[in-house]
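What follows is a set of notes on a single structure, which appears directly below.
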Amino acid sequence: MSHAGALLLGAVAYDPKVVAIWDGFREYFAERGLDFDYVLYSNYERQVASHLAGHIHVAWNSPLAWLQTEAAAAKLGRRAEAICMRDTDRDLRSVILVQQGSPIHEVGELAGMRVGVGAKDSPQGYLLPLDLLAQSGLNVGRDLSVVPFDVLLGKHGDHIGGERLAVEALTRGEVDAACILDGNYLAFAQAGLLPSGSARVLARTALYDHCNFTVLDDAPAEQVARFRELLLEMSYADPKIRPLLDMEGLKQWLPGRTEGYLPLAAAVERFGALQPFLAELGL
Amino acid sequence: MTEVDLADLRFEEGAHLLLARALGRVAVGEEIAVRGRTPDLDIHLRAWARAEGHGFGLLDGGAGFALRRGPAQSARWQGAEQAGRPDPALPGAVVNQPPSHWGLAARGATVEAGALDFRFTLAGKSQLWADEAARLYAQAVASQWNPHTAVDWNASFELPEEVEDAVVQLMTYLIENETAALVVPSRFVAQMHPHFREVLQLLAIQAADEARHIEVFTRRATLKRDRLGLSTVGGQASLKTLVDEPDFAVASFLLSVMGEGTFLTLLRFLERHAPDPVTRAVTALAAADEARHVAFGVAHLRESALADPFLLERLAASVHRRHEALRHTAGLNQEVRDALVLLAAGGWEHKQLRLGSLRVAQLLADMDVGRRNLLRRLGFDDERAAALSGLHTRNFM
Ligand SMILES: [Fe+2]
Ligand SMILES: [Fe+2]
């Protein structure tokens, strides 16, 4: 097997299943004549830096990693492109939950209250919901007591541990509100972590998009095109592929789009969330 | 358009069941309308639809929501297979070589494509199957007895010291052999394709039978004593050849036909000459079970022999091989043989001992006749049956 010509993808190892997923996809691509391999990073910042340094051709990026890549590329006079995403990456929403009997009925009433949030670098569990509060006139740093449930920093909230802890704290009354992804709200309710009717949605963010496959302008165009084409062809009816799609949490790959990152772009702008990373890169 | 009114039913209260049902009744790409009064319904609906691969939208004029059926649910069952049928009597119900990816699926289930391969080394119908397995299993279930109540453990009796010793020695020997009879089929059960459900069930209940035999023999042995009798090198050497046998057909032949066939005669002998009511009861109970174990061994080997013309030769060779392997071992231990004579004698008078010895000689002859009958039922001719029976282990099992 020649390794020199392989299309190389970077992904973050937020869970051991990531190895099974990419080993499976690697086989799928190989069977269709695409020489493909992958590298795992322990955090998105290393992956983005590595991508910019040319170590990998494609990055499976969180929405924050996409913005980091896009911003760094712009400063370097380069261009980043989101080529593909999961069906489940489109039109997500975060919600701010309070207990059903809570006296809080408007976002402004959260002033002086404890708000449980996910990992500090989590778009869904931290950046987007806190931006929502800021839009409502609250000064996040001054008016709120933000209670972070940081689990696996560097994973950009891919691991739902932080959101789970925030919800548990809400049910125990240790926080007055908790910020989570809509899908996790449903999952926690169905799993009984949130007993039926015990919580209500105080506020909801705008719809936003999640992960994408990112390439930079020096990526090998033909291989990238083939990679994207083969992703879009993956069928949930294929018994070899279906378990991989189930693990990765999608039914179908869709073309990439970037308008869904505007809400997060506004949030990172407000909180200055990109600057430390760009500074670390010397940009 | 199909309409689902969830009213005040929450998502976590089962609303998704109504949605899945309604979507299952329209074609892929078609829409259903959803209404409901619960707070946050749209949030849950959107998240659920996204995870399930359905489209989500708003109906005009705030009239509710639209869900568009996605292809994932039906795609999952493309290429699924029907794993035979539950009733073994129906044509095609039990297939000859069930695929390893059917795994643990119930026979008759629809198996999703792409399941992982299980390693069942015994997966050929001709190796395992007997049409009688279901009937024997049902019979075994109906004949289960409770060791606690099936035997009157409080029956009062007092035996002379030496006779009690003889009973304890025999029980010690029986327990050792019952343990082999439990271990051997259990090992094969774990290697069998569960498609042959009735065979698995039968062997499982057979192992449970042996567990009860071990229990009642142990209880009889310890009724008056706190120590058991002797276990010999020769006896264990004989049983070890059974436990070590890797081939299912050979193992079940040596165990169920030759071994348990011989044991059946032995247990009936002990029942007849038992010096006390408890010994009589436990050997009678065990004998009834052993008859079933022998019946299945004969039934499936006879069917296998019809499918495999070389099987009988392999079985015959196994008897020779085992005979060679055990040639220099002592076989049945002298203490067991003496105990049998003493029980059959019923006392120490010359006349009684002479009668006991005659009865044990007759027992050996009866065992030989029993084995020859079983061998003939497998398809061996008289001469072959006589020769093979004569080579059987002197340990009986
Ligand atoms: Fe037994
Ligand atoms: Fe038995």
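Against the definition (within 16 Å of ligand 1 (Cβ to nearest atom), away from every other protein chain (no Cβ under 14 Å), hydrophobic (A, V, I, L, M, F, W, C) and out of contact with any strand residue (DSSP E or B) (no Cβ under 7 Å at 6 or more places or on another chain)), how does B:ALA274 come out, yes or no? No, not satisfied. For the residues B:LEU264, B:LEU200, the requirement of being closer than 29 Å to B:ARG377 by Cα and more than 14 Å from ligand 2 (Cβ to nearest atom) singles out B:LEU200. Just one of the numbered conditions (1) within 14 Å of another protein chain (Cβ to nearest Cβ); (2) open to solvent by 10 Å² or more (accessible area, probe 1.4 Å) is not true of A:GLY77: (1).
Name every residue in the stretch A:102-116 that is away from chain B (no Cβ under 14 Å), open to solvent by 30 Å² or more (accessible area, probe 1.4 Å) and in a loop (DSSP other than H, G, I, E, B), in order of residue number. Passing the criteria: A:PRO103, A:GLU106, A:ALA111, A:GLY112, A:MET113. Within the stretch B:18-35, being within 14 Å of another protein chain (Cβ to nearest Cβ) and under 26 Å from A:ILE96 (Cα atoms) holds for one residue alone: B:LEU19. Does the stretch B:106-114 contain any residue that is farther than 19 Å from B:ARG212 by Cβ, surrounded by 16 or more Cβ atoms within 10 Å (Cβ to Cβ) and within 20 Å of the chain's Cα centre (by Cα)? Checked the stretch B:106-114: at least one residue is farther than 19 Å from B:ARG212 by Cβ, surrounded by 16 or more Cβ atoms within 10 Å (Cβ to Cβ) and within 20 Å of the chain's Cα centre (by Cα).
The residues on offer are B:ALA190, B:ALA134, and the sole one that is without any contact (Cβ under 8 Å) to a residue 40 or more places away in the chain and within 30 Å of B:ASN96 (Cβ to Cβ) is B:ALA190. Being touching a Phe, Trp or Tyr at 6+ places or on another chain (Cβ under 9 Å) and either within 18 Å of B:ARG280 (Cβ to Cβ) or within 16 Å of ligand 1 (Cβ to nearest atom) (or both): is that true of B:MET192 here? Against the criterion (touching a Phe, Trp or Tyr at 6+ places or on another chain (Cβ under 9 Å) and either within 18 Å of B:ARG280 (Cβ to Cβ) or within 16 Å of ligand 1 (Cβ to nearest atom) (or both)), B:MET192 does not qualify. Out of everything in the stretch B:77-105 that is within 14 Å of chain A (Cβ to nearest Cβ) and in a loop (DSSP other than H, G, I, E, B), what residue ends up being most open to solvent (accessible area, probe 1.4 Å)? The residue in question is B:TRP77. Taken residue by residue, the stretch A:149-169 has at least one member that is outside the structural domain of A:GLY260 (by TED's automatic domain parsing), over 21 Å from the mean Cα position of the chain (by Cα) and in contact (Cβ under 8 Å) with a residue 24 or more places away in the chain.
Going by the conditions given, is B:ALA134 away from ligand 1 (no atom under 16 Å from the Cβ), in the same structural domain as B:GLU260 (by TED's automatic domain parsing), open to solvent by 20 Å² or more (accessible area, probe 1.4 Å) and not in a loop (DSSP other than H, G, I, E, B)? Answer is yes for this residue. The set of residues in the stretch A:200-233 being under 23 Å from the mean Cα position of the chain (by Cα) and either within 11 Å of another protein chain (Cβ to nearest Cβ) or farther than 25 Å from A:HIS57 by Cα (or both) consists of A:VAL201, A:LEU202, A:ALA203, A:ARG204, A:THR205, A:ALA206, A:LEU207, A:TYR208, A:HIS210. The condition (being small (Gly, Ala, Ser), surrounded by 21 or more Cβ atoms within 10 Å (Cβ to Cβ), within 12 Å of ligand 2 (Cβ to nearest atom) and within 11 Å of B:LEU378 (Cβ to Cβ)) is satisfied by just one residue among B:GLY297, B:GLY259: B:GLY297. Which numbered condition trips up A:THR88, out of (1) within 28 Å of A:ASP217 (Cα to Cα); (2) open to solvent by less than 10 Å² (accessible area, probe 1.4 Å)? Here A:THR88 clears every test but (2).
I need the full set of residues from the stretch A:170-199 which are of a type outside the set (A, V, I, L, M, F, W, C) and within 18 Å of the chain's Cα centre (by Cα), in order please.
Here is the first cut: in the stretch A:170-199, the residues of a type outside the set (A, V, I, L, M, F, W, C) are A:171-174, A:176, A:182-185, A:190, A:192, A:195-198.
Matches in the stretch A:170-199: A:ASP182, A:GLY183, A:ASN184, A:TYR185.
Among all residues of the stretch B:202-217, there is none that is of a type in the set (S, T, N, Q) and either within 14 Å of chain A (Cβ to nearest Cβ) or more than 13 Å from ligand 1 (Cβ to nearest atom) (or both). Taking the criterion of being surrounded by 19 or more Cβ atoms within 10 Å (Cβ to Cβ) and more than 16 Å from ligand 1 (Cβ to nearest atom), the residues of the stretch B:165-187 that qualify are B:ALA166, B:VAL167, B:VAL168, B:GLN169.
Working carefully through the options B:PHE56, B:PHE11, B:PHE65, find the one that is within 11 Å of chain A (Cβ to nearest Cβ), in contact with a Leu (Cβ under 8 Å, 6 or more places away or on another chain) and over 17 Å from A:THR88 (Cβ atoms).
On the way: B:PHE56 fails: over 17 Å from A:THR88 (Cβ atoms); B:PHE65 fails: within 11 Å of chain A (Cβ to nearest Cβ).
Being within 11 Å of chain A (Cβ to nearest Cβ), in contact with a Leu (Cβ under 8 Å, 6 or more places away or on another chain) and over 17 Å from A:THR88 (Cβ atoms) holds for just one of B:PHE56, B:PHE11, B:PHE65, which is B:PHE11.
Within this structure, B:ALA47 fails the test of being over 42 Å from the mean Cα position of the chain (by Cα) and over 23 Å from A:TYR185 (Cα atoms). The requirement of being β-branched (Val, Ile, Thr), open to solvent by 40 Å² or more (accessible area, probe 1.4 Å) and more than 12 Å from ligand 2 (Cβ to nearest atom) is fulfilled somewhere in the stretch B:222-229, by at least one residue.
The values are calculated or read from the model by the stated rules, or taken from the named source; none is laboratory data. This is a predicted model, so every value here is computed, not measured. For neighbour counting, all protein chains shown are included, and Cβ atoms are generated from backbone atoms with ideal geometry for every residue, glycine included. For the accessible areas, the whole protein counts, side chains as well, though only heavy atoms, and no ligand, DNA or RNA atoms are used. Shrake-Rupley method; radii C 1.70, N 1.55, O 1.52, S 1.80 Å.
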